[in-house]
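The structure under discussion appears below in the form of structure tokens.
The values are calculated or read from the model by the stated rules, or taken from the named source; none is laboratory data. No experiment lies behind these values; they were computed from the predicted model shown. All Cβ positions, even for glycine, are placed from backbone atoms using ideal geometry, and neighbour counts span all protein chains on display. Note: accessible area is taken over every heavy atom of the protein model, side chains too, but ligands, DNA and RNA are not part of it. Shrake-Rupley method; radii C 1.70, N 1.55, O 1.52, S 1.80 Å.
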Amino acid sequence: MIMKPTITMLVLLLIVTASSTAISVPIFSSDAQGQGQKGPSISNATSSTPTINVTIGNLILESSDISAGIRVLEVGGDRGPKIEVSYVGNATIRGGINATNMGTVWSITNPDGIIYGEGKGILTSTATGEMVTYTFQSVGQYGSDGKLRNHGSIFFNTNTSSSGQLSFLNNMVGVYADEIDSTGNAITKVWELR
């Protein structure tokens with residue numbers, strides 16, 4: 001017997017309340033149970049369109065950094081060169097916790113001028129020495145003023161105790177924006193994603 005998969009399209013409406021942006025995302029699922037196959041059906045929710053809300057919460061981090069080193073990782077290919085930049089600086093977490101910030105980001109400039117980057121870093125509380133690691137991804141481009149502006153997502157992790165000064169950052173996801181001038185000075189702001 002030949003089984004023909006039934007494809008059910010669910011349209012999820014993602015509403016980002018902080019910027020009033022709505023995005024429709026089609027999600028496809030196979031209805032295996034309706035085919036006589038054993039297993040749960042995941043296409044039963046076809047009568048209504050579910051809504052998923054995402055809220056951009058409070059500002060959790062502001063950082064002022066400077067480029068500390070640049071390295072070319074790759075050249076050539078159908079994309080631009082892959083460049084790595086290390087940075088160091090100071091951060092303020094939740095408006096009152098001072099920390100040092102250091103990290104590394106690699107980026108590739110696409111032929112259309114859009115820059116894609118990925119990086120990782122460490123925040124260290126100046127008062128307690130407690131550390132938080134983070135990873136991030138970004139997209140950006142240079143403005144007519146010569147400044148690079150990126151937007152992206154950031155993921156925090158800490159292995160400190162639940163009573164630590166920075167423990168609230170453990171497994172937190174944020175969205176961020178940064179601006180980097182031609183001399184490598186960067187300003188970054190991170191908001192909690194809820």
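In square angstrom, what is the accessible area per residue of segment 69-194 with a 1.4 angstrom probe?
55
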Exercise. If a/c stays under 1.5 just call it rounded; otherwise compare a/b with b/c (prolate if a/b is bigger, oblate if not). Do that for segment 143-194, with a ≥ b ≥ c from the square roots of the Cα gyration tensor eigenvalues.
Key: prolate
Practice problem: With the full set of protein chains in place, find how many percent of the accessible area of segment 133-194 is carbon and sulfur; take the probe as 1.4 Å. | Solution: 52
Quiz item: To the nearest 0.05, what FRET efficiency results for Asp112 and Asn185 with a Förster distance of 30 Å applied to their C-beta separation?
Solution: 0.70
Exercise. Please report the base-10 log of the normalised intensity I(q)/I(0) for segment 40-194, using a Debye sum with one equal scatterer per alpha carbon and no solvent, at each q in 0.18 (1/Å).
Key: -1.06
Quiz item: Hey, quick one: spin label on Val88, modelled 7 Å out along Cα-Cβ, who in segment 170-194 has an amide N within reach, i.e. under 17 Å?
Solution: 184-186
